[in-house]
Amino acid sequence: MIYLDYNATAPLRPEALDATVATLRSVGNASSMHHAGRDAAERVDLARRQLASLLNCSAGEIVFTSGATEANNLALRAACAGGGALVTTAVEHPAVLEVARAITDATPNALVVLPVDADGNVDLAKLDDALEDAGERGTALVSAMLANNETGVITDLSPVIKAAHAAGALVHTDATQYVGRLPIDLDELDVDLLSLSSHKFGGPQGVGALFVRRSTSLPFHPQMIGGGQERGWRAGTLNVAGIAGLGAAAEAACLKMHEEAARIAALRDTLEAGLLAHVPGCRINGIKASRMPGVTSVTFSGVPADAVLAAMPDVAASDGSACSSGAPSPSHVLLAMGRSREDADSTVRLSLGYATTPRDIERGIEAVAAAVAQVRSSLAADTE
Ligand code: PLP
């Protein structure tokens, strides 16, 4: 199999597998006071330090969760608990957009969704308008993703943070597709809240974290109650093995991150050049924007993406976002970028990562080109 679906989930890194298995073999609840419990708590503390070092924040600013979905829910619900408008963008993952809609549902005009341009860049002028228009109610939170899961387009958060903070709003970023892939420094990036998920950078699935800046005056608003874990932010016995795996993946991802990002970007560029050369009528979404190194979103005009994927069973890729594949609606990200429904339905996402090799790219280009040609010829035969 040629695995080109890192944005859905990355293969488990060997270091993460070892840490997870070793922890599963041990015993102890991180809340227990005896020796076994202290051992589990030490494994959690180590992972907290490993993640803090990846993010350049302090270990005490991390709340472990079951993933980015839970971290996003926690962040948005906490920040908006006291009222105030919520500003977000049209290209967020459903784990932000649907939460934003749910929590502002009962209050008219409490949600502002910022549009993006044809390359997926957020319209900052509209952010200024939204912050100004919030009036007396004020804006509680601006939530903008750091990197888009479908196109890889990176949001330039600095002006967003500056404008939001000047208006007294908190800033949350869903950094799920960025963390562990490009360097991040939370001393520099002045967000108040940041969500991440371990399996996107080679840790196990079902574990993630929310960064909550210590200086942030965030109302305490846990969703899970019934235990004092994670300073009361998230009750329930910790997933110690998953957390240990996350920590090990974070540490491994830190090593040679710049070199790895450059290597992966070069492979992605080769992939795009190969597709553009060998597949007529293909177009790369967000190509003019600043993008993550390891992803490409390619539209094959007039060729349904699900048929392309079915015609290349040896390639693991995704039509639009894997999280929403299976759903009949077209990608809201591509529609927000002004693509037609037909183009959105003809778009394949190929995503690369730490274990992708030049051979994977070579074989991937051949397989995609052959699959698109096969679908095109069977569509042509059907219309004859
Ligand atoms: N946010 C983004 C940008 C994502 O890409 C994903 C998953 O694809 C999530 C949130 C949800 O992550 P999880 O399902 O691990 O909670």
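The values are calculated or read from the model by the stated rules, or taken from the named source; none is laboratory data. None of these values were measured; they are calculated from a predicted model. Neighbour counts are summed over all protein chains in view; Cβ atoms, including those assigned to glycine, are modelled from backbone coordinates with ideal geometry.
Things to note:
- Among the residues of the range 182-231, those identified as out of contact with any Pro (no Cβ under 7 Å at 6 or more places or on another chain), within 12 Å of the ligand (Cβ to nearest atom) and of a type outside the set (A, V, I, L, M, F, W, C) are S195, S197, H199, K200, G203, P204, Q205, G206, G208.
- Scanning the range 180-236 for residues that are in contact with a His (Cβ under 9 Å, 6 or more places away or on another chain) and among the polar types (S, T, N, Q) gives S195, Q205.
- Within the range 72-90, the residues that satisfy the criterion of being aliphatic (A, V, I, L, M), closer than 21 Å to G208 by Cα and within 16 Å of the ligand (Cβ to nearest atom) are L74, A75, L76.
- Scan of the range 1-41 for residues that are within 16 Å of the ligand (Cβ to nearest atom) and small (G, A, S), ordered by number: A8, A10, A16
- Criterion applied to D190, D185 was being surrounded by fewer than 20 Cβ atoms within 10 Å (Cβ to Cβ) and touching a strand residue (DSSP E or B) at 6+ places or on another chain (Cβ under 8 Å), and the one residue passing it is D190.
- Close pairs (7 angstrom Cβ cut-off, 6 or more residues apart or separate chains): more than 14 Å from M224 (Cα to Cα) and without any contact (Cβ under 8 Å) to a residue 60 or more places away in the chain in the range 59-71, away from the ligand (no atom under 14 Å from the Cβ) and part of a helix (DSSP H, G or I) anywhere: A59/R48; A59/R49; A59/A52
- The one condition in (1) more than 16 Å from the ligand (Cβ to nearest atom); (2) within 28 Å of G180 (Cβ to Cβ); (3) of a type in the set (D, E, K, R); (4) modelled with pLDDT of 95 or more that R291 fails to fulfil: (1)
- Single unsatisfied condition, A102 versus (1) within 16 Å of the ligand (Cβ to nearest atom); (2) crowded, with 18+ Cβ neighbours inside 10 Å; (3) under 15 Å from A75 (Cα atoms): (2)
- Test: residue in the range 251-267 that is within 15 Å of the chain's Cα centre (by Cα), over 20 Å from D45 (Cα atoms) and among the charged types (D, E, K, R): no
- Checking each residue in the range 135-144 for being in contact (Cβ under 8 Å) with a residue 24 or more places away in the chain and either in contact with a helix residue (DSSP H, G or I) (Cβ under 8 Å, 6 or more places away or on another chain) or not in a loop (DSSP other than H, G, I, E, B) (or both) picks out R137, T139, A140, L141, V142, S143, A144.
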